1. At 0.36 nm per residue, and after removing the present C-alpha to C-alpha distance, how many nm does the segment from Arg21 to Ala80 gain when stretched out fully?
2. Under the definition of Cα pairs under 8 Å and six or more residues apart, what whole-number percent is the relative contact order of the chain?
3. What's the magnitude of the charge dipole for the chain around its Cα centre, counting Lys and Arg as +1 and Asp and Glu as -1 at the beta-carbon? Answer in Debye, nearest 20.
4. Assuming a viscosity of 0.890 mPa s and a temperature of 25 °C, what translational diffusion coefficient in µm² per second does Stokes-Einstein assign to segment 1-63, Rh being the Kirkwood radius over Cα pairs?
5. Would you mind working out the accessible area per residue for segment 151-217, using a 1.4 Å probe, and quoting it in Å²?
6. Please give the calculated 222 nm ellipticity per residue for the chain, where each DSSP H segment of at least 4 residues contributes -39500 (n - 2.57) and the sum is spread over every residue; nearest 500 deg cm²/dmol?
7. Over the chain, what percent of the accessible surface lies on carbon and sulfur atoms, probe 1.4 Å?
8. Given the options Asp96, Asp68, Asp14, state which has the largest fluctuation in a GNM of the chain using a 10 Å cut-off (strictly under) for Cα springs.
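The values are calculated or read from the model by the stated rules, or taken from the named source; none is laboratory data. This is a predicted model, so every value here is computed, not measured. Glycine also receives a Cβ, built like all others from the backbone with ideal geometry; neighbour counts cover every protein chain displayed. For the accessible areas, the whole protein counts, side chains as well, though only heavy atoms, and no ligand, DNA or RNA atoms are used. Shrake-Rupley method; radii C 1.70, N 1.55, O 1.52, S 1.80 Å.
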Amino acid sequence: MRVLVADDEQVLADTVAEGLRQFAMAVDVVYDGAAALERATVNSYDVAVLDRDMPGLTGDDVCRRMLDLESGTRVLLLTAAAGIRDRVEGLGLGADDYLTKPFAFAELAARVQALGRRAGRAAKPVLECDGIVLDTARHVVTRDGLPLALSPKEFAVLLVLMRADGAVVSAEDLLEQAWDEHADPFTNSVRVTVMTLRKKLGYPPVIHTVPRVGYRLET
(Lines give C-alpha, C1' and ligand atoms only; values in the text may rest on other atoms or scores of the structure.)
Protein backbone atom coordinates (compact mmCIF):
# COMPACT_ATOMS: atom_id res chain seq x y z
CA MET A 1 0.00 0.00 0.00
CA ARG A 2 1.30 3.45 -0.90
CA VAL A 3 0.19 6.37 1.26
CA LEU A 4 0.53 10.16 1.09
CA VAL A 5 0.54 12.08 4.39
CA ALA A 6 0.08 15.86 4.25
CA ASP A 7 0.03 18.00 7.41
CA ASP A 8 1.66 21.34 8.21
CA GLU A 9 2.41 20.05 11.72
CA GLN A 10 5.68 18.47 10.67
CA VAL A 11 6.30 16.48 13.84
CA LEU A 12 2.84 14.96 13.64
CA ALA A 13 3.19 14.21 9.93
CA ASP A 14 6.57 12.52 10.42
CA THR A 15 5.29 10.53 13.40
CA VAL A 16 2.25 9.30 11.48
CA ALA A 17 4.39 8.35 8.49
CA GLU A 18 6.91 6.43 10.60
CA GLY A 19 4.11 4.57 12.35
CA LEU A 20 2.43 3.58 9.08
CA ARG A 21 5.75 2.33 7.72
CA GLN A 22 5.79 -0.20 10.55
CA PHE A 23 2.67 -1.65 8.90
CA ALA A 24 4.64 -2.26 5.68
CA MET A 25 3.23 0.82 3.94
CA ALA A 26 5.27 3.00 1.59
CA VAL A 27 4.67 6.53 2.86
CA ASP A 28 5.50 9.91 1.29
CA VAL A 29 5.29 12.99 3.53
CA VAL A 30 4.66 16.64 2.64
CA TYR A 31 3.90 19.65 4.80
CA ASP A 32 1.58 21.77 2.66
CA GLY A 33 -1.31 21.37 0.27
CA ALA A 34 0.54 22.47 -2.87
CA ALA A 35 3.17 19.78 -2.36
CA ALA A 36 0.45 17.21 -1.67
CA LEU A 37 -1.32 18.01 -4.93
CA GLU A 38 1.97 17.90 -6.85
CA ARG A 39 2.74 14.44 -5.45
CA ALA A 40 -0.76 13.21 -6.26
CA THR A 41 -0.37 14.21 -9.89
CA VAL A 42 2.90 12.31 -10.40
CA ASN A 43 2.51 9.30 -8.07
CA SER A 44 -0.20 6.70 -7.64
CA TYR A 45 -1.44 6.46 -4.05
CA ASP A 46 -3.87 4.03 -2.47
CA VAL A 47 -4.67 6.40 0.40
CA ALA A 48 -4.06 10.08 1.14
CA VAL A 49 -4.17 11.37 4.74
CA LEU A 50 -4.84 15.11 4.50
CA ASP A 51 -5.04 17.76 7.22
CA ARG A 52 -8.05 19.96 6.45
CA ASP A 53 -6.51 23.01 8.11
CA MET A 54 -3.26 23.46 6.18
CA PRO A 55 -2.59 27.13 5.31
CA GLY A 56 -2.79 28.13 1.66
CA LEU A 57 -4.06 25.15 -0.28
CA THR A 58 -6.12 23.34 2.36
CA GLY A 59 -6.82 19.66 2.68
CA ASP A 60 -10.32 20.40 1.40
CA ASP A 61 -8.87 21.95 -1.76
CA VAL A 62 -6.52 19.00 -2.30
CA CYS A 63 -9.35 16.53 -1.78
CA ARG A 64 -11.50 18.25 -4.41
CA ARG A 65 -8.68 18.35 -6.97
CA MET A 66 -7.72 14.73 -6.31
CA LEU A 67 -11.28 13.75 -7.17
CA ASP A 68 -10.83 15.55 -10.49
CA LEU A 69 -7.75 13.43 -11.16
CA GLU A 70 -9.93 10.28 -10.96
CA SER A 71 -6.94 8.36 -9.56
CA GLY A 72 -9.00 6.16 -7.27
CA THR A 73 -7.03 7.37 -4.23
CA ARG A 74 -9.02 7.07 -1.00
CA VAL A 75 -8.93 10.19 1.18
CA LEU A 76 -8.87 10.42 4.97
CA LEU A 77 -9.29 13.96 6.30
CA LEU A 78 -7.78 15.03 9.63
CA THR A 79 -9.01 18.07 11.56
CA ALA A 80 -9.31 19.56 15.03
CA ALA A 81 -12.97 20.40 14.29
CA ALA A 82 -15.00 17.68 16.00
CA GLY A 83 -18.58 18.84 15.39
CA ILE A 84 -21.07 16.74 13.46
CA ARG A 85 -21.52 19.56 10.95
CA ASP A 86 -17.76 19.59 10.31
CA ARG A 87 -17.69 15.83 9.76
CA VAL A 88 -20.64 15.96 7.39
CA GLU A 89 -19.03 18.82 5.48
CA GLY A 90 -15.75 16.92 5.18
CA LEU A 91 -17.40 13.80 3.86
CA GLY A 92 -19.46 15.95 1.52
CA LEU A 93 -16.25 17.06 -0.17
CA GLY A 94 -15.80 13.53 -1.43
CA ALA A 95 -13.53 12.25 1.33
CA ASP A 96 -13.85 8.58 2.24
CA ASP A 97 -13.23 8.96 5.97
CA TYR A 98 -12.78 11.60 8.64
CA LEU A 99 -10.80 11.60 11.90
CA THR A 100 -10.59 14.34 14.51
CA LYS A 101 -7.44 15.42 16.36
CA PRO A 102 -6.19 14.30 18.76
CA PHE A 103 -6.54 10.68 17.69
CA ALA A 104 -5.20 7.30 18.71
CA PHE A 105 -2.63 6.12 16.19
CA ALA A 106 -4.04 2.58 16.29
CA GLU A 107 -7.37 3.93 15.03
CA LEU A 108 -5.69 5.95 12.28
CA ALA A 109 -3.71 2.91 11.11
CA ALA A 110 -6.85 0.74 11.10
CA ARG A 111 -8.76 3.33 9.06
CA VAL A 112 -5.91 3.67 6.55
CA GLN A 113 -5.72 -0.12 6.17
CA ALA A 114 -9.48 -0.31 5.64
CA LEU A 115 -9.35 2.42 2.98
CA GLY A 116 -6.42 0.68 1.32
CA ARG A 117 -8.49 -2.47 0.93
CA ARG A 118 -11.12 -0.40 -0.87
CA ALA A 119 -8.66 1.34 -3.21
CA GLY A 120 -8.64 0.00 -6.75
CA ARG A 121 -9.90 -3.55 -6.99
CA ALA A 122 -11.20 -5.23 -3.88
CA ALA A 123 -8.45 -7.03 -1.99
CA LYS A 124 -8.91 -9.87 0.43
CA PRO A 125 -7.71 -9.11 3.97
CA VAL A 126 -6.28 -12.65 4.29
CA LEU A 127 -4.24 -14.20 1.47
CA GLU A 128 -3.06 -17.82 1.19
CA CYS A 129 -0.55 -19.64 -0.99
CA ASP A 130 1.14 -23.02 -0.46
CA GLY A 131 0.68 -22.97 3.31
CA ILE A 132 1.56 -19.28 3.59
CA VAL A 133 -1.15 -17.19 5.23
CA LEU A 134 -0.81 -13.39 5.21
CA ASP A 135 -3.25 -11.43 7.36
CA THR A 136 -3.17 -7.74 6.42
CA ALA A 137 -5.40 -6.64 9.31
CA ARG A 138 -3.34 -8.31 12.03
CA HIS A 139 -0.05 -7.86 10.13
CA VAL A 140 0.80 -11.52 10.66
CA VAL A 141 2.36 -14.11 8.33
CA THR A 142 2.50 -17.84 8.99
CA ARG A 143 3.62 -20.86 6.98
CA ASP A 144 2.19 -24.24 7.85
CA GLY A 145 0.88 -22.68 11.04
CA LEU A 146 4.26 -21.35 12.19
CA PRO A 147 4.66 -17.55 12.58
CA LEU A 148 7.29 -15.81 10.44
CA ALA A 149 9.18 -12.76 11.72
CA LEU A 150 9.21 -10.53 8.64
CA SER A 151 10.46 -6.97 8.47
CA PRO A 152 7.94 -4.35 7.28
CA LYS A 153 9.59 -4.27 3.84
CA GLU A 154 9.60 -8.08 3.54
CA PHE A 155 5.93 -8.09 4.50
CA ALA A 156 5.19 -5.44 1.85
CA VAL A 157 7.02 -7.35 -0.89
CA LEU A 158 5.27 -10.61 0.01
CA LEU A 159 1.91 -8.81 -0.04
CA VAL A 160 2.54 -7.43 -3.54
CA LEU A 161 3.59 -10.84 -4.83
CA MET A 162 0.62 -12.64 -3.26
CA ARG A 163 -1.84 -10.10 -4.63
CA ALA A 164 -0.34 -10.59 -8.11
CA ASP A 165 -1.84 -14.11 -7.96
CA GLY A 166 0.95 -15.83 -9.89
CA ALA A 167 1.68 -13.01 -12.33
CA VAL A 168 5.24 -11.76 -12.73
CA VAL A 169 6.03 -8.58 -10.78
CA SER A 170 8.97 -6.53 -12.00
CA ALA A 171 11.55 -4.99 -9.67
CA GLU A 172 10.29 -1.58 -10.83
CA ASP A 173 6.73 -2.45 -9.77
CA LEU A 174 7.98 -3.63 -6.38
CA LEU A 175 9.83 -0.34 -5.91
CA GLU A 176 6.68 1.57 -6.88
CA GLN A 177 4.37 -0.32 -4.54
CA ALA A 178 6.55 -1.22 -1.55
CA TRP A 179 9.03 1.68 -1.33
CA ASP A 180 8.46 5.43 -1.05
CA GLU A 181 9.43 8.16 -3.51
CA HIS A 182 12.97 8.38 -2.13
CA ALA A 183 13.84 4.86 -3.31
CA ASP A 184 16.81 4.79 -5.67
CA PRO A 185 15.74 3.03 -8.91
CA PHE A 186 19.27 1.67 -9.25
CA THR A 187 19.42 0.23 -5.76
CA ASN A 188 19.70 -3.49 -5.06
CA SER A 189 17.18 -3.20 -2.21
CA VAL A 190 14.58 -5.26 -4.07
CA ARG A 191 17.00 -8.10 -4.77
CA VAL A 192 18.28 -8.13 -1.18
CA THR A 193 14.76 -8.01 0.30
CA VAL A 194 13.57 -10.84 -1.94
CA MET A 195 16.63 -12.89 -0.96
CA THR A 196 16.02 -12.49 2.79
CA LEU A 197 12.29 -13.10 2.31
CA ARG A 198 13.01 -16.37 0.50
CA LYS A 199 15.14 -17.54 3.41
CA LYS A 200 12.46 -16.75 5.96
CA LEU A 201 9.71 -18.44 3.93
CA GLY A 202 11.75 -21.65 3.93
CA TYR A 203 11.30 -24.82 1.88
CA PRO A 204 9.88 -25.53 -0.62
CA PRO A 205 10.70 -22.21 -2.30
CA VAL A 206 7.74 -20.23 -3.61
CA ILE A 207 9.37 -17.04 -4.94
CA HIS A 208 10.83 -17.68 -8.37
CA THR A 209 12.98 -15.31 -10.40
CA VAL A 210 12.02 -14.77 -14.04
CA PRO A 211 15.32 -13.64 -15.65
CA ARG A 212 15.30 -10.03 -16.90
CA VAL A 213 11.60 -9.76 -16.03
CA GLY A 214 10.96 -9.97 -12.28
CA TYR A 215 9.58 -12.27 -9.60
CA ARG A 216 6.64 -14.61 -9.34
CA LEU A 217 5.03 -16.39 -6.40
CA GLU A 218 4.07 -19.93 -7.31
CA THR A 219 3.91 -23.39 -5.75
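1. On the way: separation 59, 0.36 × 59 = 21.24 nm, distance 2.40 nm.
My answer for the length gained is 18.8 nm.
2. On the way: 361 pairs, mean separation 37.9, N = 219.
About 17 percent, as a whole number.
3. Values: 25 positive and 33 negative charges, 190 e Å.
In total the dipole reaches around 920 debye.
4. Details: Rh = 11.3 Å.
Translational diffusion coefficient: 216 µm²/s.
5. Computed with neighbouring chains in place, this is 54 Å² per residue.
6. On the way: 8 runs with 89 residues, N = 219.
Calculated at 222 nm, the ellipticity per residue is -12500 deg cm²/dmol.
7. Exposed carbon and sulfur together represent 53 percent of the surface.
8. Most flexible of the set in this elastic network: Asp68.
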